[in-house]
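Computed from the coordinates by the stated procedures, all read-outs in this text should not be read as laboratory data. On a predicted model such as this, the values are computed, not experimentally measured, just so you know. Quick reminder, even Gly has a Cβ in these numbers, built from the backbone with ideal geometry, and neighbours come from all protein chains shown.
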Amino acid sequence: MRAERPSMPGRVNPERQRPLAVKAGRGFEKEAGELADRLGAPLLAADDASDPDALILHRGAAGLSLAADGMELRQDFRELLPRVRPDRLARELLVRAVRLKGLAGPLRVVDATAGLGEDAFIMAASGAEVLLCESDPVICALLEDALSRAGRDPELAPVAARMTVRPGDSLKTLAALDAPPDVVYLDPMFPERRKSAAVKKKFQLLHLLERPCGNGEELLVAAIDAGPRKVVVKRPAKGPLLAGRTPSHRVAGKAVRFDCIALAQAAG
């Protein structure tokens with residue numbers, strides 16, 4: 001896994017309503033201090049009391065976690081291992097949706113809405129090289145930490161090696177690519193798609209970080225302008241088209257569907 005740092009450090013979303021602080025586990029003061037500087041957030045020692053309303057990023061021996069309201073989130077790609085077994089991976093709807101025929105090398109994908117990287121991990125497990133774009137600096141820090149730990153895990157390392165994180169605005173990243181990717185993947189549902197009472201804790205915490213995507217049409221235009229052979233858009237199973245764009249075909253399941261927009265005759 002490679003993480004590409006922007007020229008200027010990331011800063012916490014100024015529109016975020018809840019304060020953020022970084023807390024250092026014992027022995028991890030240096031790493032926590034660097035993260036606090038990067039995010040422009042206060043640094044707390046292990047025994048410091050914190051604002052009960054604050055979002056706390058804790059850097060300790062187990063990695064980086066986000067805590068608030070009695071919940072804690074630490075991304076762990078080991079949880080995805082059952083889904084990427086050889087006998088199951090080919091049946092993943094996402095793998096089927098991004099597949100292209102006639103490639104001379106690995107499939108090159110830009111995930112323009114990476115979040116915590118679970119969809120990107122599935123694509124990378126199928127052999128794709130994935131560039132992950134994430135604009136929220138806190139989510140990006142959690143993602144980078146998870147991939148760093150994955151890179152030290154023998155079962156996960158081959159997949160993590162095919163994933164590169166690019167912090168910052170994906171619109172700018174798409175416009176500045178050195179070469180057109182094979183596929184641009186968009187998940188503009190994130191993070192508003194799960195609103196039930198049974199919503200997973202991780203998504204409850206992410207809702208506190210990032211506002212629902214409000215630039216879906218602009219994102220789709222940027223994805224198309226990047227010159228891929230295909231754009232794949234993740235939608236709720238019965239959700240509307242993104243920006244009214246009718247897909248070339250769909251790969252659909254009970255909960256979600258993937259709208260595939262082919263942009264070249266050779267796309268599959």
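The charge dipole of region 12-110, taken about its Cα centre with unit charges on the Cβ of Lys, Arg, Asp and Glu (plus for the first two, minus for the last two), comes to roughly 1020 debye. If you bin all the Cα-Cα distances of region 36-135 at 10 Å, starting from zero, the percentages per bin are 12, 34, 26, 18, 9, 1. Take each peptide in 156-162, 174-180, 143-149, count the other Cβ atoms within 10 Å of every residue, and average; sorted highest first, the result is 143-149, 156-162, 174-180.
Distance cut-off 30 Å, Cα to Cα: go down the list Lys172/Lys230; Lys101/Lys234; Lys23/Lys254; Lys101/Lys172 and report the pairs above it.
Lys23/Lys254
With the simple model of a label 7 Å out from the Cα in the direction of the Cβ, Glu217 to Asp153 spans 4.1 nm.
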